[in-house]
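Data first, discussion second: the structure below is written as structure tokens.
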Amino acid sequence: MTYPFRRIRSWSWTLTRRLVFLSALTIVALVWSQAAAVAGGVLTAEDLLKTQYVLSAEMSPDGQLIAYTVSNPRKAADKPGGAYRNLFLIPRDGGEALPFVTGKQSVSGVQWSPDGKYLGFLMARGEKAKKQAWRIPANGGEATQMTSSETGVLFYRWHPGGGKIAYVAKTPKSKREKELAKKGYSFVFYEENLKHRNLHLLDIETGKAEQLTQDVTVWDFEFSPDGKAIAASVSEKNLIDHRYAFRKIHLLDVASRQLNQLSNNPGKLGNYAFSPDGSRLAYAAALTQSDNQVSQAFVISVDGGEPKNITESDFRGHVNWVGWNGSRTVVYRSNEGVNTTLSTVKLTGNGVARKIILDGGEAGIVFSKPSSSQDFKHHAFVGQSGRHPSELFYWKSGSQPKRLTTTNSWLADRDLGKQEPIQYKARDGQGVEGLLIYPVGYDAGQSYPAIIVVHGGPESNWTNRWVTRYSEPGQVLAGRGYAVFYPNYRSSTGYGVKFAAAGYNDAAGVEFDDIADGIDHLVAEGIADKDRVGLGGGSYGGYASAWFATYYTRYVKAVCMFVGISDLVSKRGSTDIPYEELFVHSGKKLEEMWQQSLERSPIYYAHQSKTATFIYGGLADTRVDPSQSREFHRRLKMNNHPAVRLVQYPGEPHGNRKQTGQIDVVHRVTDWYDWYVRDAKPLDGPMPPLDISDKYGLELPE
């Protein structure tokens, strides 16, 4: 097994040396690959659960090497937890990938040191260890721990000089608080007695760390090119709602510790970056307080003043990342419909005319934010498409992206459903777009059972990427004979601020009408069998699931509601993002809209449901409280609904992180759809088996 922190010193390996240093999980992946090559066929739930993903890509400063991370899913019998995240290094032109940190380790926050000699990363080594910042020589050697934060490191950046790092860590408990806790007096003071996230500066050689901020919460930050200043996103309180709704960019003078507010963005804040000469800051942010997502690119002088919006007027897309190519050209990534683009804007003239330098639609991939060499000629990013999950890509400016990894080689032996964008008209004439995965072996003269997959947010959208995951197993369903549709209903991002604002103060209005109209379109086109349609989604998609199980029950035979909303009144009193909800969704306090909130709640229509309803979610969810699921289940049962089931997962937050819950969900969801949609079993008959443990892949006693 690979020693977790040892890198191989030669680019030329013998087969024996490869096997010595490859992790056990990698060997298992090779066995899986060989088995798949023999088996072939359609994508199965078991395939989905073993799928690996490239998670991040970081180009070295000189543009020669790329560091990237890959997920390694846990097996069914492993200790419950998320997938491991392993670190690899590869030349930009491809070839052998060198494992740096592999096995049962999880690496995040990978960054090159400014001189390119080290790779920094975050990792918790040990059973109860806190996450710390580490570094490993890029040319060989052992990883060493840089920080020793009592509460763990949440975020870090290299100082431009290379000999220091700055990092964010939470204020530790006092000795008094620890003693009280030991004696059983550790109580929860809800949203009080909060611990700030503080910024620290560490000298790597001496190990001495100084705290730079106090009495505010720092979420993330960036060094100025000369290292004398830090731009940081700051809020008054360490609450997730403050991160969403109240972050502003501040400038910290490192020498004096003086912290001054720079931006006054009215709504959500994205990333930000200094120009190479340090005179300006570019940042991505919402246009207004009611803008439901980051959508614009701004530039502001570090000396203050009014920011300039460099986004085209009425831009039909959403800017979600900004960077620089020299000190006079801003780069931004945006979602435009189901595709992604990378554009540049020169800060001359009107300063808003953009040039698209990479069109994901033309390249056939949806790509992440790029990581670029210092000269902006060489770039690395994660890319995916409807044919493959996320992989590593290298892109040289002016050329086409080159794929460097094939993480799931066995996928070549699977028959996948064709995936393509489709458009249709909503009942009021509005154009709506979505993605359709056709059933494997699709025959244009035949209609098929269909599943509608609704994204959450609603400030999100479906791009033309790999859209198959444990709770939304699109290609698995396509292999079982379903057409699978992913609508970008109104309120989705990627189509401009106006389109995204359609659901403001109008939850479940035109948003969910668009979804119903999409079902009608699929039926009219002869693709979907109107008597065999199911629907599912998580969070706001779970809200849509509950809405279609009740208000729009005539459209669907079954729904799978994941961490979904059933009661808008109680949801507003139990979520951890009440101000975000007020500012970008409801627009009014609950006291001003009691009746509307009630009538837009699925529980209000529970008595009329004729839809088989599977409800599921985590018991540690603070975003959509688990009581939303219990309320919905209770209302359906009290109205004598014969086909409703609620499954809740201990310790899971807003989405299942552990492999155990993911394994259960993918099988339970496909079983529910097969039972009520594909096989059209009666609502008042038996439900699917409750015990599905024979599908977990475990060795269990009879």
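The values are calculated or read from the model by the stated rules, or taken from the named source; none is laboratory data. Owing to the predicted nature of the structure, the values given are computational and were not obtained by experimental measurement. Here Cβ is always computed from backbone atoms with ideal geometry, including for glycine, and neighbour counts include all displayed protein chains.
The residue that is surrounded by the most Cβ atoms within 10 Å (Cβ to Cβ), among those in the stretch 166-192 that are aliphatic (A, V, I, L, M) and over 19 Å from VAL234 (Cα atoms), is LEU180. Take ASN260 and tell me if it is polar (S, T, N, Q), within 27 Å of the chain's Cα centre (by Cα), surrounded by fewer than 19 Cβ atoms within 10 Å (Cβ to Cβ) and modelled with pLDDT of 95 or more. It is false that ASN260 is polar (S, T, N, Q), within 27 Å of the chain's Cα centre (by Cα), surrounded by fewer than 19 Cβ atoms within 10 Å (Cβ to Cβ) and modelled with pLDDT of 95 or more. Evaluated against (1) surrounded by fewer than 24 Cβ atoms within 10 Å (Cβ to Cβ); (2) assigned by TED's automatic domain parsing to the domain that holds ARG85; (3) in contact with a Pro (Cβ under 8 Å, 6 or more places away or on another chain), GLY481 falls short on exactly one condition, (2).
For (1) in the same structural domain as ALA544 (by TED's automatic domain parsing); (2) over 30 Å from GLN52 (Cα atoms); (3) in contact with a Phe, Trp or Tyr (Cβ under 9 Å, 6 or more places away or on another chain); (4) among the acidic types (Asp, Glu), each residue gets a yes or a no:
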{"residue": "GLN595", "(1), (2), (3), (4)": "yes, yes, no, no"}
{"residue": "THR611", "(1), (2), (3), (4)": "yes, yes, yes, no"}
{"residue": "LEU636", "(1), (2), (3), (4)": "yes, yes, no, no"}
{"residue": "HIS641", "(1), (2), (3), (4)": "yes, yes, no, no"}
{"residue": "ILE663", "(1), (2), (3), (4)": "yes, no, yes, no"}
{"residue": "LEU683", "(1), (2), (3), (4)": "yes, yes, yes, no"}
{"residue": "ASP691", "(1), (2), (3), (4)": "yes, no, no, yes"}
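Only one entry of ASP93, ASP78, ASP47 meets the criterion of being acidic (Asp, Glu), modelled with pLDDT of 95 or more and surrounded by fewer than 17 Cβ atoms within 10 Å (Cβ to Cβ), and that entry is ASP78. Among the residues of the stretch 500-518, just one is more than 21 Å from ILE565 (Cα to Cα) and surrounded by fewer than 22 Cβ atoms within 10 Å (Cβ to Cβ), namely ASP517. Filtered by the rule that a residue be without any contact (Cβ under 8 Å) to a residue 60 or more places away in the chain and under 20 Å from the mean Cα position of the chain (by Cα), the stretch 490-508 gives a lone residue, SER492.
In the set SER545, SER570, SER566, only one residue is within 23 Å of LEU636 (Cβ to Cβ), among the hydroxyl-bearing types (Ser, Thr, Tyr) and part of a loop (DSSP other than H, G, I, E, B); that residue is SER566. Filtered by the rule that a residue be more than 26 Å from the chain's Cα centre (by Cα) and among the polar types (S, T, N, Q), the stretch 296-347 gives SER301, ASN309, SER313, ASN325, SER327, THR329. Return a yes/no flag: does the stretch 494-512 have any residue that is assigned to a loop (DSSP other than H, G, I, E, B), within 30 Å of LYS589 (Cα to Cα) and among the basic types (Lys, Arg). No: zero hits.
Quick one: which strands (runs of 3 or more DSSP E) sit completely within the stretch 128-196 and have at least 2 residues that are under 30 Å from TYR579 (Cβ atoms) and among the aromatic types (Phe, Trp, Tyr)? Before the answer, list the steps.
Numbers: elements: 132-137, 153-158, 164-170.
So the answer is 153-158.
Counting only strands (runs of 3 or more DSSP E) that fall entirely inside the stretch 403-469 and contain at least 3 residues that are surrounded by fewer than 21 Cβ atoms within 10 Å (Cβ to Cβ), the qualifying elements are 419-425.
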